[in-house]
Structures are given as C-alpha cells and as structure tokens.
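Structure first, then comments.
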C-alpha cells in the first residue's frame, strides 16, 4: 500500500473512544491502513468489557514499514498504562500516559512515516491543566506552529471560532485585526489546497445584532474595517448578527462562518449536523483531525455511542 497510514491516538483512556473506534472499523472499509497508539492492556480490558471480538495486531516500532496492515483488526502500537479496571473515573492519573501517546505519534509523523493524525477526546481539565486552551493549542505548541485555527468541518458548511475554549468574559480582549486576518488566510489556503476553490466566508459580530451600548464597539471598530480590507483578496462578507446567520436561506451563501467565540458557531452547527462534523486544525505541518465530541464519561461501556464523527474523520484523511 503506497498511501501513508493514519495514526490515531486514543486519548483519554476513560472514554467512549475504543467503542467508537471498533465500530468505525466495522462500519466502513478504508484504503489507508490505520494504526492505533494506545495501551495494549487498556484496549484488551475494554474490548472484553464491551464483548467485541476483534484481533489485536501488536506492532513493533522497528519494523513498521515492513508490515502489511489490515483494518479488520486493531493495528496497535503499545504505550504502557496499567488500569485496574476497563473504565475508571477520569483523573490526572492518565496525564503522563496520554502525553506519551502524543509524543510517540508526533515522532512518527516527524520521521515522515505518516502525515495523517487523529486524536481521541481528552479531558482539558486533567490533561491540559490550564496550560493550553485545547488540543489545537497543545499541538501548535508541540510543533512550534505560530498560526493555527480550529475548523469544525462539514462539506455543506463549516465554522471557525476566532477564540477557542476561552471564558466569555475574556473573549472581547482577544478580538483584533491580526487574529481575524490569520484565520481567514488559513481557511482560504486550506480550501484552495484541498478543494481547489476559494471559499465564501461569512464573519459574525461579537454583540447582539452587531450593536453595543458600550463606547468601544468591536463590531464597528475592529471587525468591519478588517472585513472591508480583506474583501480585496477574499470572498468575505460581514459582520452578520449571530442570531440569523444560520437560518437556511442565509447559511447557504457561505462555505465557512467565522464566529468570535466557541459556542457562537459550534452550537448552531452541531444542532444542524449533529455528529456529522469533524474538528480540523489548520496551520499544522500535517493533517490533524479530531471527532467533534468529548470523552462522554456517562456513556462508557454502554455500547450506545455514535461513531459517525470518527468515521467522517477517517474518511476525510482516507482521501489523501
């Protein structure tokens, strides 16, 4: 197989990820081989608990390139981790293990073995420990990437929050021309490179109806002048009120909508498309995608979790 494999870091061990990973392998055939980076002991325990019958193909880092990998079994690179039970309460206990999984995967990518990366969900509270706002920023730091963007992608409509996992009270302080320009550049370059067209981009205002009773009006003083400047180079319009932009007749005019904060654009997108969206980090030296959901601790071990977002993540990388 000439295509490079897809590397998947399982992420938080106490999550629904192994369940949806096995479901993803069973529901769809992929042309690229898939390699899971996780604890062999953990995967065995969870597969047994979930009553799945699937073979684990334990891989050796030394002869990875020589092996023909089949996706009807779990191709696993083991990272040591020894839980006592298949599922435990999420805590900082797994922090070092998750970090080691990311390190190994990034090492494989840096070596040129792969340029396709998926990570399962993590607990921001326990793994990132307030050092990074999210995995987007974590990976940007680890790869020394200065400019990055979170794109929640669906082929019909995608969204990008200007700020990511930031408390609302801090959002206005982070809105500036430089950040808007960086996000638009990254989005436009991504669409031109991957899909061969310049996207139609809509930008939201920060305040309700793009109006404010405050003396400093971000919509008029920062957002609008930046959009007017960018119109010379990009297909971009705005600012638009957030409460009407996602109406059917309005959203059909755009490929991407940029919002000022996380829930301003992710909430309506998830309402419209539910699980059929994936999280792509723009700006990294490789394609990184994450299913658009968290560990979902309440659903662990129940075999009721929907694998659609992970399937869409793999399908997207499987094209390249």
If the requirement is being in contact with a strand residue (DSSP E or B) (Cβ under 7 Å, 6 or more places away or on another chain), surrounded by fewer than 21 Cβ atoms within 10 Å (Cβ to Cβ) and closer than 28 Å to residue 114 by Cβ, which of these qualifies: 285, 199? 199
Quick check, is residue 77 modelled with pLDDT of 95 or more and touching a helix residue (DSSP H, G or I) at 6+ places or on another chain (Cβ under 7 Å)? yes
Residue 70 vs. criteria more than 24 Å from residue 263 (Cα to Cα), modelled with pLDDT under 95 and either assigned by TED's automatic domain parsing to the domain that holds residue 242 or surrounded by fewer than 17 Cβ atoms within 10 Å (Cβ to Cβ) (or both): yes
Within the bounds of segment 261-277, is there any residue that is without any contact (Cβ under 8 Å) to a residue 12 or more places away in the chain, assigned by TED's automatic domain parsing to the domain that holds residue 140 and farther than 20 Å from residue 200 by Cβ? no
Kindly establish whether residue 53 is in contact with a helix residue (DSSP H, G or I) (Cβ under 9 Å, 6 or more places away or on another chain), closer than 30 Å to residue 31 by Cβ, loosely packed, with under 11 Cβ neighbours inside 10 Å and at pLDDT 90 or above. yes
Considering only segment 80-90, how many residues are in contact with a helix residue (DSSP H, G or I) (Cβ under 6 Å, 6 or more places away or on another chain) and either modelled with pLDDT of 95 or more or surrounded by fewer than 12 Cβ atoms within 10 Å (Cβ to Cβ) (or both)? 3
I'm told residue 226 meets every condition in (1) under 26 Å from residue 271 (Cα atoms); (2) more than 23 Å from the chain's Cα centre (by Cα) except one. Can you identify the failing condition by its number? (1)
Of everything in segment 112-142, what is over 16 Å from the mean Cα position of the chain (by Cα) and outside any helix (DSSP H, G or I)? Give them in sequence order. 112, 113, 114, 129, 130, 131
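A quick yes/no check of all residues on (1) farther than 22 Å from residue 292 by Cα; (2) within 24 Å of the chain's Cα centre (by Cα):
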{"residue": "5", "(1), (2)": "no, yes"}
{"residue": "11", "(1), (2)": "no, yes"}
{"residue": "17", "(1), (2)": "no, yes"}
{"residue": "23", "(1), (2)": "no, yes"}
{"residue": "26", "(1), (2)": "no, yes"}
{"residue": "39", "(1), (2)": "yes, yes"}
{"residue": "45", "(1), (2)": "yes, no"}
{"residue": "69", "(1), (2)": "yes, no"}
Of (1) modelled with pLDDT of 95 or more; (2) part of a helix (DSSP H, G or I), residue 298 satisfies all except one. Which? (1)
Go through (1) surrounded by 21 or more Cβ atoms within 10 Å (Cβ to Cβ); (2) outside the structural domain of residue 15 (by TED's automatic domain parsing); (3) assigned to a loop (DSSP other than H, G, I, E, B) and name the single condition residue 257 misses. (3)
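The values are calculated or read from the model by the stated rules, or taken from the named source; none is laboratory data. Predicted, not measured: the structure shown is a model, and the values here were computed from it. We place every Cβ from the backbone using ideal geometry, glycine too, and count neighbours over all the protein chains shown.
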